[in-house]
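> Quick one: this structure, given as structure tokens, is what I'll be asking you about.
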Amino acid sequence: MAQHNTDGSRAERFAKEFLIAKGYEVLEENWRYRRAEVDLIARHNNTLVFIEVKARSGTGFGLPQDFVDVKKQKLLALAANEYLFLQQHEGEIRFDIIAILFKKGFEEYGIHHIEDAFWDYG
């Protein structure tokens, strides 16, 4: 497995643990619809939350959250709309980003949780 895939899996695991510690109920991991994937889908305070996890080992090219561009947001919204339809969910939703910055050879990391990171483009 490529190193970036391993780091991505670690980042998603750290993000999941972080969310659970904050009282989120994680419902799905790596949920796919067509060419779109949602890293984590969780419930928090009666809100369904679609979460994109982005990790980087440095900020030379920008912060992790900078890599969730409009194209990625549209793909997330596409998947979210299908999930909402399948679950017949009619309540509140939001899109969050969990940005993870690995430090010191991936031994340490920082997490930045951005709630309501962008609007639904669906």
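> Give just the number: which of (1) in contact with an Asp or Glu (Cβ under 7 Å, 6 or more places away or on another chain); (2) assigned to a loop (DSSP other than H, G, I, E, B) does R43 not satisfy?
So R43 meets the others, but not (2).
> Something else about it: Being assigned to a loop (DSSP other than H, G, I, E, B) and more than 21 Å from F14 (Cα to Cα) is the filter here, so list the residues in region 63-85 that pass it.
Matches in region 63-85: D69 only.
> Any residue that is modelled with pLDDT under 95, surrounded by 13 or more Cβ atoms within 10 Å (Cβ to Cβ), touching a helix residue (DSSP H, G or I) at 6+ places or on another chain (Cβ under 9 Å) and of a type in the set (F, W, Y) - is there at least one of those in region 81-97?
Among the residues of region 81-97, not one is modelled with pLDDT under 95, surrounded by 13 or more Cβ atoms within 10 Å (Cβ to Cβ), touching a helix residue (DSSP H, G or I) at 6+ places or on another chain (Cβ under 9 Å) and of a type in the set (F, W, Y), which makes the answer no.
> If you don't mind, another one. Quick check: is even one residue across region 5-15 without any contact (Cβ under 8 Å) to a residue 24 or more places away in the chain, in a helix (DSSP H, G or I) and of a type in the set (F, W, Y)?
no
> Taking the condition under 11 Å from the mean Cα position of the chain (by Cα) and modelled with pLDDT under 95, does K54 pass?
Yes, satisfied.
The values are calculated or read from the model by the stated rules, or taken from the named source; none is laboratory data. All values reported here derive from a predicted model rather than from experimental measurement. Because the Cβ atoms are built from the backbone with ideal geometry, glycine has one as well, and the counts that use them run over all protein chains shown.
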